[in-house]
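Everything on this sheet refers to the single structure shown next.
Quick note: the coordinates plus some simple rules give every number you see, no bench work behind them. Keep in mind it's a predicted model, so treat the numbers as computed, not measured. Note: ideal-geometry Cβ built from the backbone for every residue, glycine included; neighbour counts use all protein chains shown.
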Amino acid sequence: MPELPEVETVRAQLEPLLVGARIIDGDSHPSAKFSQAPEAVGHSVEAVRRRGKYLLIDLLPAQGSRRELIVHLGMTGGLHMASSPIDDPYRRARWGLDDGRHLVFRDVRRFGRIAVVASGDHRSLPTLHELGPEPFDPRLDAAAFHALLARSSRRVKTHLLSQRPIAGVGNIYADEALWRSRIHPGARRVGLERSDRLLDALRAVLAEALEHNGTTLRDFRTVDGTKGSNQHRLDCYGRSGLPCGRCGSILTSRVLDQRTSTYCPTCQAH
DNA sequence: CGGGGTTCCTGGCCGC
DNA sequence: TGCGGCCAGGAACCCC
């Protein structure tokens, strides 16, 4: 599922393909999750940015104020360029560009989302509106992260997935970082020392995944259709029943707060 | 307002 | 071989 490294991989590929292009027409699947897509028509792409797992495409209108095309890839969403969009039952949105190309949003499971808003107005996307700092923000240090973690009494894994203490972490990289920092996903209080370890682990795990163009378990594809390769480097996620690479104990899986967590019962003792 | 539960979706996989 | 049943999972949404 696309998390920060996957979305950043898409953003980096998309940016040179889209900046400067003008959107001349568009259509979308009728679901409310995608129906705003055509509202981007008539605008030029000024920049392609990212916050957490959200792609933010800055739009410059012919006249009037700036807008923002926001795309969340959900679980199975992908963005691709096409010279002539072939028939695809999973196409959820299409934008025609002034040079004849098309930007296509494909999403089998429809967990993705598209919004067009006034620039910077994220009130219609509560998670984006309340999004925590970017993991690589230099202003984020152990003390600040510890304070953010302490703002909730929920399990640390659940809190991470809420996007509030830090942006862009989903199930894969949460499990990986908790394994690496030897913190149990169900921990409800994480002190300064463990906050420091967790922040370091998150940064390491995300940076390594980004270097390998993200993790493709099944669906994730970059803009040009290639797979990421980080799936070969996972230590914990999806490895339930296999030995822990650090201590040899068998990794276990448990559902915590309706979400599967894999962890090492020895290294990540409660 | 934090927190808990529900819902949206469909391909892939499992067991019979 | 075919098929019913189940699962994954981000974030909006609703309710207390």
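With each label point set 7 Å from Cα along the Cα-Cβ vector, what nm distance links A:Arg110 and A:Thr260?
2.4 nm
Starting from the 7 Å offset along Cα-to-Cβ, what nm value, one decimal, do you get for the label separation of A:Ala207 and A:Ala150?
Each label point lies 7 Å from its Cα, and together they span 2.7 nm.
By counting other Cβ atoms within 10 Å of each Cβ, how are A:Lys53, A:Lys33 ranked from fewest to most?
In order of increasing Cβ crowding within 10 Å: A:Lys33, A:Lys53.
Please report, to one decimal in angstroms, the Kirkwood hydrodynamic radius of chain A built from all distinct Cα-Cα pairs.
Result for chain A, one decimal place: 19.4 Å.
Let's test the formula: R0 of 51 Å, r as the Cβ-Cβ distance of A:Leu242 and A:Arg22. What FRET efficiency results, to the nearest 0.05?
About 0.50, to the nearest 0.05.
Quick one: of A:Lys33/A:Lys53; A:Lys157/A:Lys227; A:Lys53/A:Lys227, which pairs are farther than 23 Å apart, Cα to Cα?
Among A:Lys33/A:Lys53; A:Lys157/A:Lys227; A:Lys53/A:Lys227, the Cα-Cα distance tops 23 Å for A:Lys157/A:Lys227.
What is the Cα centroid distance between the range A:185-205 and the range A:110-167, reported in whole angstrom?
So the two Cα centres are separated by 16 Å.
When chain A is modelled as a GNM with alpha-carbon springs shorter than 10 Å, which of A:Ile172, A:Ile250, A:Ile23 fluctuates the most?
In the Gaussian network model the winner is A:Ile250.
Is the shape of the range A:4-122 rounded, prolate or oblate, going by the alpha carbon gyration tensor and its root eigenvalues a ≥ b ≥ c, with a/c under 1.5 for rounded and a/b larger than b/c for prolate?
rounded
Quick check on the exposure proxy: order A:Leu217, A:Leu206 from fewest to most C-beta atoms within 10 angstrom.
A:Leu217, A:Leu206
In whole Hz and in residue order, list the ³J(HN,Hα) couplings for the range A:226-234 that follow from phi through the Karplus curve 6.51 cos²θ - 1.76 cosθ + 1.60, θ = phi - 60°; x for Gly and Pro.
Residue by residue, the range A:226-234 yields 7, 8, x, 10, 6, 4, 7, 10, 6 Hz.
Report relative contact order for chain A in percent, whole number only (criteria: Cα-Cα under 8 Å, sequence separation at least 6).
18 percent
Can you list residues from other chains, or at least 5 along the same chain, whose modelled amide H is less than 5 Å from the amide H of A:Arg51?
So A:Arg51 has HN proximity to A:Leu56.
Helices from chain A with mean Kyte-Doolittle at least 0.0 and a Cα length along the axis of 24 Å or more, per DSSP H: which?
Helices meeting the criterion: A:192-211.
Answer rounded, prolate or oblate for the range A:15-70, using the Cα gyration tensor with square roots of eigenvalues a ≥ b ≥ c: rounded when a/c is under 1.5, else prolate when a/b is larger than b/c, else oblate.
Oblate is the answer for the range A:15-70, as a/c is 1.5 or above yet b/c matches or exceeds a/b.
Quick check: residue separation of A:Thr252 and A:Ile86 times 0.36 nm, minus the Cα distance between them. What number comes out in nm?
Value of the extension gain: 55.4 nm.
Test of understanding: what is the full-extension gain from A:His232 to A:Ala143, defined as 0.36 nm times their sequence separation minus their Cα-Cα distance?
Taking 0.36 nm per residue and subtracting the Cα distance, the gain is 28.8 nm.
Taking H placed 1.01 Å from N in the peptide plane, check which residues at least 5 places from A:Ile250 or on another chain put their amide H under 5 Å from its amide H.
When sequence neighbours closer than 5 places are left aside, the close amide H contacts are A:Cys244.
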